[in-house]
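Notes follow once the structure below has been shown.
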Amino acid sequence: MPHGLLNPEGPDFGELPNIYVGADGAANAEAFSALVSLGAGSDRPNLLDADGSALVIHASPDDHITQPIGGAGARVGCAVIRPAS
(Lines give C-alpha, C1' and ligand atoms only; values in the text may rest on other atoms or scores of the structure.)
Protein backbone atom coordinates (compact mmCIF):
# COMPACT_ATOMS: atom_id res chain seq x y z
CA MET A 1 0.00 0.00 0.00
CA PRO A 2 1.14 3.60 -0.50
CA HIS A 3 2.87 5.34 2.38
CA GLY A 4 1.41 8.27 4.26
CA LEU A 5 -1.51 9.26 6.46
CA LEU A 6 -2.26 12.07 3.97
CA ASN A 7 -1.82 10.00 0.81
CA PRO A 8 -5.00 10.16 -1.32
CA GLU A 9 -4.51 6.46 -2.22
CA GLY A 10 -4.80 5.56 1.45
CA PRO A 11 -2.27 4.99 4.21
CA ASP A 12 -0.22 1.89 4.89
CA PHE A 13 -1.68 -0.11 7.81
CA GLY A 14 1.32 0.74 10.00
CA GLU A 15 1.06 4.53 9.76
CA LEU A 16 1.23 6.52 12.99
CA PRO A 17 1.51 10.27 13.59
CA ASN A 18 4.89 11.89 14.24
CA ILE A 19 6.24 11.99 17.79
CA TYR A 20 8.38 14.86 18.98
CA VAL A 21 11.50 14.32 21.05
CA GLY A 22 13.12 16.84 23.37
CA ALA A 23 16.70 18.04 23.03
CA ASP A 24 17.66 15.59 25.79
CA GLY A 25 16.41 12.66 23.68
CA ALA A 26 13.39 11.95 25.89
CA ALA A 27 9.91 11.47 24.48
CA ASN A 28 6.52 10.47 25.81
CA ALA A 29 3.91 9.52 23.23
CA GLU A 30 0.53 7.89 22.98
CA ALA A 31 -0.95 6.98 19.60
CA PHE A 32 -4.17 5.47 18.33
CA SER A 33 -4.73 3.72 15.00
CA ALA A 34 -8.03 2.49 13.60
CA LEU A 35 -6.08 0.80 10.79
CA VAL A 36 -4.89 -2.25 12.77
CA SER A 37 -5.81 -4.42 15.76
CA LEU A 38 -3.85 -6.01 18.59
CA GLY A 39 -5.58 -9.35 18.41
CA ALA A 40 -7.76 -11.71 16.42
CA GLY A 41 -11.45 -11.20 15.86
CA SER A 42 -11.29 -7.97 13.87
CA ASP A 43 -11.53 -7.24 10.16
CA ARG A 44 -8.39 -5.07 10.51
CA PRO A 45 -4.84 -6.49 10.14
CA ASN A 46 -3.59 -8.01 13.40
CA LEU A 47 -0.23 -6.66 14.60
CA LEU A 48 0.21 -9.77 16.75
CA ASP A 49 -0.03 -12.25 13.87
CA ALA A 50 2.49 -15.02 13.11
CA ASP A 51 5.10 -12.82 11.40
CA GLY A 52 5.01 -10.17 14.14
CA SER A 53 5.38 -6.39 14.02
CA ALA A 54 7.81 -3.70 15.06
CA LEU A 55 7.75 0.00 15.87
CA VAL A 56 10.42 1.95 13.96
CA ILE A 57 11.55 5.46 14.93
CA HIS A 58 13.05 7.62 12.18
CA ALA A 59 15.40 10.60 12.60
CA SER A 60 13.21 13.24 10.94
CA PRO A 61 9.50 14.11 10.72
CA ASP A 62 7.40 12.18 8.23
CA ASP A 63 5.53 14.40 5.74
CA HIS A 64 2.88 11.63 5.49
CA ILE A 65 2.83 11.55 1.68
CA THR A 66 6.29 11.26 0.04
CA GLN A 67 7.21 7.75 -1.12
CA PRO A 68 8.60 5.51 0.20
CA ILE A 69 9.10 6.79 3.80
CA GLY A 70 7.86 10.38 3.86
CA GLY A 71 11.32 11.92 4.02
CA ALA A 72 11.66 10.59 7.57
CA GLY A 73 15.35 9.77 7.21
CA ALA A 74 17.42 7.11 8.88
CA ARG A 75 16.04 4.58 11.33
CA VAL A 76 17.25 5.47 14.82
CA GLY A 77 15.26 3.06 16.98
CA CYS A 78 13.21 -0.10 16.75
CA ALA A 79 11.10 -2.18 19.13
CA VAL A 80 9.25 -5.47 18.80
CA ILE A 81 5.48 -5.31 19.31
CA ARG A 82 4.33 -8.31 21.33
CA PRO A 83 1.61 -9.25 23.81
CA ALA A 84 2.18 -8.22 27.41
CA SER A 85 3.56 -11.05 29.49
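The values are calculated or read from the model by the stated rules, or taken from the named source; none is laboratory data. As the structure is a prediction and not an experimental result, all values here were calculated from the model. All Cβ positions, even for glycine, are placed from backbone atoms using ideal geometry, and neighbour counts span all protein chains on display.
Results, tabulated for the structure shown:
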quantity	calculated
Qualifying residue in region 36-59 (condition: closer than 19 Å to Ala79 by Cβ, in a loop (DSSP other than H, G, I, E, B), of a type in the set (Ser, Thr, Tyr) and out of contact with any Cys (no Cβ under 7 Å at 6 or more places or on another chain))	no
Of residues in region 50-69 being touching a Leu at 6+ places or on another chain (Cβ under 9 Å) and in contact (Cβ under 8 Å) with a residue 40 or more places away in the chain, the one nearest to Gly25 (Cα to Cα)	Asp62
Residue match in region 28-50 (condition: at negative phi, over 15 Å from the mean Cα position of the chain (by Cα), polar (S, T, N, Q) and surrounded by 10 or more Cβ atoms within 10 Å (Cβ to Cβ))	yes
Residue list for region 1-15, filter: modelled with pLDDT of 90 or more and under 17 Å from Ala79 (Cα atoms)	none
Qualifying residue in region 5-26 (condition: part of a loop (DSSP other than H, G, I, E, B), among the hydroxyl-bearing types (Ser, Thr, Tyr) and surrounded by 13 or more Cβ atoms within 10 Å (Cβ to Cβ))	no
